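Below is one structure, written out as structure tokens; comments come after it.
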Amino acid sequence: MTPDEFRKHGHRVVDWIADYYEQLETFPVLSQSAPGSIRAALPAAPPEQGEPFDAVLRDLDDVIMPGITHWQHPSFFAYFPANASGPAILGDLLASGLGVQGMLWATSPAATELETHVLDWLRELLGLPERFRGNGVIQHTASDAVLVALLAALHRASGGRTEHDGVHSGRFTVYTSTQTHSAAEKACRVAGLGSDALRKIDVDPGTQAARPEHLRALIEADVAAGLTPAFVVASVGTTGTGAVDPVREFAEIAHEHGAWLHVDAAWAGVATVCPELRWLNDGVELVDSYGTNPHKWLLTNFDCDAFWVADRAALLGALSILPEFLRNAATESGAVIDYRDWHVPLGRRFRALKLWAVIRWYGAEGLRAHIREHVELAQEFASWVAADERFELVAPHPLSLVTFRLRAGDDATRALMERVNASGQLYLTHTAVNGAVALRFAIGSPQTQRRHVEAAWAALRS
């Protein structure tokens, strides 16, 4: 494709995306495709000769679009949001156009230095501690952040032996809430500990936050059995209900026993761009690592997890390997960061460009307005739920996630969800709270306005 051809078709692609956002509300939120229907509509064999780009765009409309669940739809209330925005899309396009592979500082100094700098900007915007300055990196997802934090924790707990002897150099244990999603268990498997090394901390039935006294009991039992507590995950905004674990108390217990404390604030962490929500940061100055996802609720399209460590030494000790082909003067001088040592992959995209574009376009004021609008809408939605005798709220809702259910029971609650999702009018998902089925209503799309929340509530009531 020549530059002129790229310009011609690139304009059409940008127009297609702009048209898509203008038409979003005309699509059913949840894809109506049957299993296998997309593959059945595609040719069985790849083309022998090249095809015009017009054919790609035609098939995008005819074949691909019916199989899309529209995450940017204003009535998408499922899971957590996966924000996209114009500045982030354009930043991603610039990164793709530059085609940088930023594994080393030397392979593109701007890719490394912009990432360090934009994460320092984000640290300041979120009110995170000074000890994270210069110690930030963009991971793919919160799950990647949990994994690399666990590897760093094992390095520290073993005195560096895990890099040579593996996890058999000790009997290590990991702790997280019963409400934490699968990241911690998957990290245990990937790291070679196995899921039996994971301990689940009970939660308070009212707040759904993990109980520090149970964490202490679990750790003390493991120490008495000759095991080594290595890693504790505290959640700030659990997947099911948005619960916030007591980070300060967790930090005291973890550090008393030499364990690493990681805070997984994947969804909720970005809310602290608003000063009135910085209570979410209580105790964060004591933690060893922290991760939050701008790609969930801060207008930065997937993938972009912001991860910080208080002391990078254990992280680099766990992940740094220097073969001859990567050696260069800048690296060996110690004057630069080589981000290949901060995560599992060697290669890395120039993700900082899209986050940089978002922060510059919206500014702190625009980011705060984005979060505040969704929090206010969620509080209003919760008030409607509370006022309807057929429904009940089942967990606190200080941010933009409301968890509720029908008083008629699990079957009725599940049936309600299936009916509204099948209608195409909105999309929401479920969880279990104290053993009962509950619905999750997560507001987060930049397109969502009060009228969309009102329409969702009308659909649920009817």
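The values are calculated or read from the model by the stated rules, or taken from the named source; none is laboratory data. Every value quoted in this text rests on a predicted model; they were computed, and no experiment measured them. Here the Cβ positions follow ideal geometry from the backbone for every residue, glycine too, while neighbour counts run over all protein chains shown. Each accessible area value is taken on the protein alone, full model and side chains, heavy atoms only, with ligands, DNA and RNA left out. Shrake-Rupley method; radii C 1.70, N 1.55, O 1.52, S 1.80 Å.
Relative to the compact globular guide of 2.2 N^0.38 Å, what is the alpha carbon radius of gyration of the range 1-67, as a ratio?
Details: Rg = 14.4 Å, N = 67, 2.2 N^0.38 = 10.9 Å.
In units of the globular-protein estimate, the range 1-67 measures up at 1.32.
Counting only protein chains, not ligands or nucleic acids, how are 376, 163 ordered by accessible area (probe 1.4 Å), most first?
On the way: 376 125, 163 70 Å².
I get 376, 163, largest accessible area first.
What does the extension gain come out to for residue 328 and residue 204, with contour length at 0.36 nm per residue minus their alpha carbon separation? It would help to have the intermediate numbers written out before the result.
Values: separation 124, 0.36 × 124 = 44.64 nm, distance 5.27 nm.
Result: 39.4 nm gained on full extension.
Along Cα→Cβ, 7 Å out, is where each label goes; now give me the distance between the ones at residue 182 and residue 7 in nm to one decimal.
4.7 nm
For a quick check of your reading of the filter: which GluC sites (Glu not before Pro) in the range 56-135 sit in a DSSP loop and have no more than 13 other Cβ atoms within 10 Å?
Values: sites: 113, 115, 124, 130; in loops: none.
Those that pass, being in a loop and sparsely packed, number zero.
Only helical DSSP H runs with n ≥ 4 go in: add -39500 (n - 2.57) per run for the chain, normalise by residue count and round the 222 nm mean residue ellipticity to 500 deg cm²/dmol.
On the way: 16 runs with 192 residues, N = 462.
Calculated at 222 nm, the ellipticity per residue is -13000 deg cm²/dmol.
So what is the relative contact order of the chain, in percent, for Cα pairs below 8 Å that sit 6 or more residues apart? Walk me through the intermediate numbers first.
Numbers: 845 pairs, mean separation 102.9, N = 462.
Normalised by residue count, the contact order of the chain is 22 percent.
Given 0.36 nm per residue, what is the gain on full extension from residue 106 to residue 389 after removing their alpha carbon distance, in nm? Please list the in-between numbers first.
Values: separation 283, 0.36 × 283 = 101.88 nm, distance 6.32 nm.
Extending this stretch completely gives an extra 95.6 nm.
For the range 34-192, what is the per residue volume of the convex hull drawn over the alpha-carbon atoms, in cubic angstrom? Spell out each step's value before the answer.
Details: hull volume 41.3 nm³, N = 159.
Cα convex hull per residue, to the nearest whole number: 260 Å³.
Of all the accessible heavy-atom surface of the range 35-111, with the other protein chains kept in place and a 1.4 Å probe, what percent is carbon and sulfur? Before the final figure, lay out the partial values.
Working: 2750 of 4310 Å².
C and S fraction of accessible area: 64 percent.
How long, wide and thick is the range 180-303, going by the Cα atoms along their three principal axes, in whole angstroms, largest first?
Extents along the principal axes: 46, 29, 27 Å.
Need one number: % antiparallel among DSSP beta bridges in the range 207-290, to the nearest 5.
On the way: 1 of 8 bridges.
Antiparallel bridges make up about 10 percent of those DSSP assigns within the range 207-290.
Which peptide among 293-301, 308-316, 385-393, 151-159 comes first, and what is the full order, when sorted by highest mean count of other Cβ atoms within 10 Å? Let's see the in-between values first.
Values: 293-301: 27.9, 308-316: 19.7, 385-393: 14.1, 151-159: 22.4.
Per-residue Cβ counts within 10 Å, averaged per peptide and sorted highest first, yield 293-301, 151-159, 308-316, 385-393.
Which percentage, to the nearest 5, of the DSSP beta bridges contained in the chain is antiparallel? Provide the component values of the computation, followed by the final result.
Working: 22 of 39 bridges.
So the antiparallel bridges amount to about 55 percent of the total.
May I ask you to give the solvent-accessible area per residue for the chain, in square angstrom, as obtained with a 1.4 angstrom probe?
Working: 20400 Å² over 462 residues.
Value returned for the chain: 44 Å² of accessible area per residue.
Does a label point 7 Å from the Cα of residue 190, set along Cα-to-beta-carbon, have any residues of the range 217-254 with amide nitrogen under 16 Å, and which are they?
233
Just the number, please: carbon plus sulfur as a percent of the accessible area of the range 206-261, 1.4 Å probe, no ligands or DNA/RNA counted. Numbers along the way, then the final one.
Details: 990 of 1810 Å².
Roughly 54 percent, rounded to a whole number.
How big, on average over all directions, is the shadow cast by the Cα convex hull of the range 121-187, in nm²? It would help to have the intermediate numbers written out before the result.
Values: hull surface 24.4 nm².
Convex hull of Cα atoms, orientation-averaged projection: 6.1 nm².
What percent antiparallel are the DSSP beta bridges of the range 132-284, to the nearest 5? Kindly include the intermediate steps, with their values, before the conclusion.
Values: 2 of 15 bridges.
Beta bridges within the range 132-284, antiparallel portion: roughly 15 percent.
Compute, for residue 207, the solvent-accessible surface of its heavy atoms (probe 1.4 Å) with the complete set of protein chains present, and express it in square angstrom to the nearest 10.
So the heavy atoms of residue 207 present about 70 Å² to solvent.
Please compute, over every Cα-Cα pair in the range 277-323, the percentage with a separation greater than 16 angstrom. If you can, show how the numbers build up before the last one.
Values: 623 of 1081 pairs.
Here the long-distance tail beyond 16 Å is 58 percent of all Cα pairs in the range 277-323.
Pop a pseudo-label 7 angstrom from the Cα along the beta-carbon direction at both residue 449 and residue 113 and give the gap in nm to one decimal.
Spacing of the two 7 Å Cα→Cβ label points: 4.4 nm.
If I model a spin label as a point 7 Å beyond the Cα along the Cα-Cβ vector, how far apart are those points for residue 37 and residue 361 in nm?
Result: 3.2 nm between the two label points.
Using the Kirkwood radius over Cα pairs, work out the Stokes-Einstein diffusion coefficient for the range 287-446 at 37 °C and 0.692 mPa s, in µm²/s as a whole number.
On the way: Rh = 19.6 Å.
My calculation gives 167 µm²/s for D.
Counting only protein heavy atoms and a 1.4 Å probe, tell me what percentage of the range 353-462's accessible area is made up of carbon and sulfur.
49 percent
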